[in-house]
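The values are calculated or read from the model by the stated rules, or taken from the named source; none is laboratory data. Everything numeric here is computed off the predicted structure, so don't read it as measured data. All Cβ positions, even for glycine, are placed from backbone atoms using ideal geometry, and neighbour counts span all protein chains on display. Accessible surface areas use protein heavy atoms only, side chains included; no ligands, DNA or RNA. Shrake-Rupley method; radii C 1.70, N 1.55, O 1.52, S 1.80 Å.
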Amino acid sequence: MLTSDCDNSIPRKTALKHPMAGPLLRGLLFASLALFTACDGSSPEEANAAVETNQAIPVATETARLGSVRSTIGITGTLSAMQEVTITAEGAGRGVALDTVLGQRVEQGQPLAHLDDIVERAQRAQAEAQLMQAEANLGLARADFARNDKLREQGAVSELQHEQTRVREETASAAATAARAGLQLAQQSLSNTVVRAPFDGTVASVQLELGALVAPGTPAFQLVAIEQIKVDGGVPAREVGLLQSGQAVRVVVPTLGGAIYDGVLAHVGPAPDPRTRTYPIEVHVDNAEGRLRPGMVARLDVIVGQRDDAILVPETAVIEGDQPIVFVVEGDIATKRAVTLGRSDEGHVEIREGVANGDTVVTLGRQHLSDGSRIQRYELPATDSAEPRP
């Protein structure tokens with residue numbers, strides 16, 4: 001029921017014939033109005049006087065207005081990082097340095113940890129020496145072949161001797177190529193002793209310990225990218241046809257005090273999840289402030305339509321029941337009207353029948369009214385310390 005915390009319905013009429021019926025009814029009226037005035041700022045004496053003497057009842061009002069009301073599909077979703085990866089060690093060795101801590105923001109390629117690299121440095125030095133030797137041998141072989149080629153033209157060497165020098169040059173060239181590959185492998189092995197971030201993100205966990213021996217594939221860090229968050233949910237088959245990529249989504253996060261974020265429907269799954277029989281969806285939300293965290297639960301309102309000429313009143317103006325009603329103010333008289341409700345949106349409800357644009361409706365104090373009651377309008381306080389003014 002759309003009621004305020006201070007709404008407490010009281011009997012409007014009674015058929016009691018008991019001698020105590022009159023005093024009892026007056027007592028109930030006084031108690032209910034005292035409760036209302038505690039909420040709207042009026043004194044108990046004023047409320048009591050209004051009831052006892054049939055004077056105007058203090059109420060708060062608001063004008064019905066034209067506005068936008070959105071048609072939404074409500075879904076529950078779970079937040080997760082846009083990118084999440086477990087970084088493993090690619091090399092082997094003992095951990096000698098940790099260059100990051102839990103929760104630290106890191107950039108792509110930034111060192112996160114170092115392993116002992118004495119062996120890898122020695123292997124690289126050896127590979128460099130082998131490459132230098134191979135290149136020197138190649139240089140000699142090329143010079144010998146060029147000299148032999150000129151002698152062959154002069155007829156000073158045989159064809160066999162010339163062929164032997166050509167083979168020696170090709171062999172030296174192949175040795176130099178192998179030495180260069182060996183140096184690349186040694187350099188890669190040395191590079192693998194540094195654990196680096198594969199993308200910009202935040203360190204979610206540190207699993208590598210100083211002094212521990214690690215092997216290739218040992219988990220070292222958990223890295224997440226949360227500058228943008230994705231929310232995963234499921235939509236029933238009866239509603240999936242209303243969804244399409246690019247639709248606006250209102251994301252409400254209860255654990256952050258009901259904070260509201262604007263999201264976009266990024267993906268709609270083509271087939272249902274066999275376990276839940278719902279179609280998976282993915283919503284993207286900007287998280288520049290970093291308040292959204294993976295694992296939080298959110299309510300998703302996917303906006304599938306919007307009407308801009310709806311008549312809106314505050315939800316507190318509606319008394320729900322078998323037939324919802326509101327009290328419309330004409331002059332200083334409150335008249336009860338049956339209404340037909342539409343959709344609710346951010347504290348307001350659409351009135352499809354019963355109230356016109358510009359009508360004044362009672363929002364607080366309606367529990368004290370009956371059809372035709374005289375009212376006195378009170379302005380709601382601007383701040384908690386402000387007093388209501390008649």
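For this structure, a couple of remarks:
- Tabulated pairs, region 349-360, first free of Cβ contacts under 8 Å to residues at least 40 places away in the same chain, second open to solvent by 20 Å² or more (accessible area, probe 1.4 Å) and part of a loop (DSSP other than H, G, I, E, B), C-beta under 9 angstrom, 6+ apart or interchain: G354/P324
- Residue satisfying all of: in region 186-210; of a type in the set (G, A, S) and open to solvent by 30 Å² or more (accessible area, probe 1.4 Å); nearest to the chain's Cα centre (by Cα) among these: A204
- Restricted to strands (runs of 3 or more DSSP E) entirely inside region 317-356, those with at least 1 residues that are farther than 20 Å from H368 by Cα and among the β-branched types (V, I, T) are 340-345, 348-353.
- L140 falls short on exactly one of the conditions (1) within 54 Å of the chain's Cα centre (by Cα); (2) part of a helix (DSSP H, G or I); (3) among the hydrophobic types (A, V, I, L, M, F, W, C), and that condition is (1).
- Extreme residue, surrounded by the most Cβ atoms within 10 Å (Cβ to Cβ), among residues of region 59-87 that are more than 22 Å from V304 (Cβ to Cβ) and more than 28 Å from the chain's Cα centre (by Cα): V59
- Residue within region 73-95 that is in contact with a strand residue (DSSP E or B) (Cβ under 8 Å, 6 or more places away or on another chain), not in a strand (DSSP E or B) and not small (G, A, S) present: yes
- Members of region 251-285 that are more than 19 Å from S80 (Cβ to Cβ) and over 10 Å from the mean Cα position of the chain (by Cα): G257, G258, P270, A271, P272, P274, R277
- For beta carbons closer than 6 Å, sequence separation of 6+ or different chains, a first residue in region 164-185 that is surrounded by 13 or more Cβ atoms within 10 Å (Cβ to Cβ) and a second that is among the polar types (S, T, N, Q), the qualifying pairs are T165/N148; A172/N137; A179/Q130.
- In region 75-124, residue farthest from A204 (Cα to Cα) [restricted to those that are free of Cβ contacts under 8 Å to residues at least 24 places away in the same chain and not acidic (D, E)]: A122
- Top-ranked residue of region 289-324 - restricted to ones that are of a type in the set (D, E) and either more than 14 Å from Q228 (Cα to Cα) or in contact with a Phe, Trp or Tyr (Cβ under 9 Å, 6 or more places away or on another chain) (or both), ranked as most open to solvent (accessible area, probe 1.4 Å): D322
- Tally, over region 112-129, of residues that are open to solvent by 80 Å² or more (accessible area, probe 1.4 Å) and assigned to a strand (DSSP E or B): 0
- If the condition is being over 14 Å from Q323 (Cβ atoms), within 39 Å of the chain's Cα centre (by Cα) and touching a residue at least 12 places away in the same chain (Cβ under 8 Å), then region 334-348 contributes G342, R343, S344, D345, G347, H348.
- Contact annotation: residue pairs with Cβ atoms under 6 Å, 6 or more positions apart or on different chains, pairing a residue in region 201-227 that is among the β-branched types (V, I, T) and in a loop (DSSP other than H, G, I, E, B) with a partner that is open to solvent by less than 40 Å² (accessible area, probe 1.4 Å) and at pLDDT 90 or above, are T218/A89.
- Checklist (1) of a type in the set (G, A, S); (2) exposed (fewer than 14 other Cβ atoms within 10 Å of the Cβ); (3) over 55 Å from the mean Cα position of the chain (by Cα) applied to A134, failing item: (2)
- Every residue from region 234-288 that is open to solvent by 40 Å² or more (accessible area, probe 1.4 Å), closer than 12 Å to I303 by Cα and in a strand (DSSP E or B): A248, D262, V264
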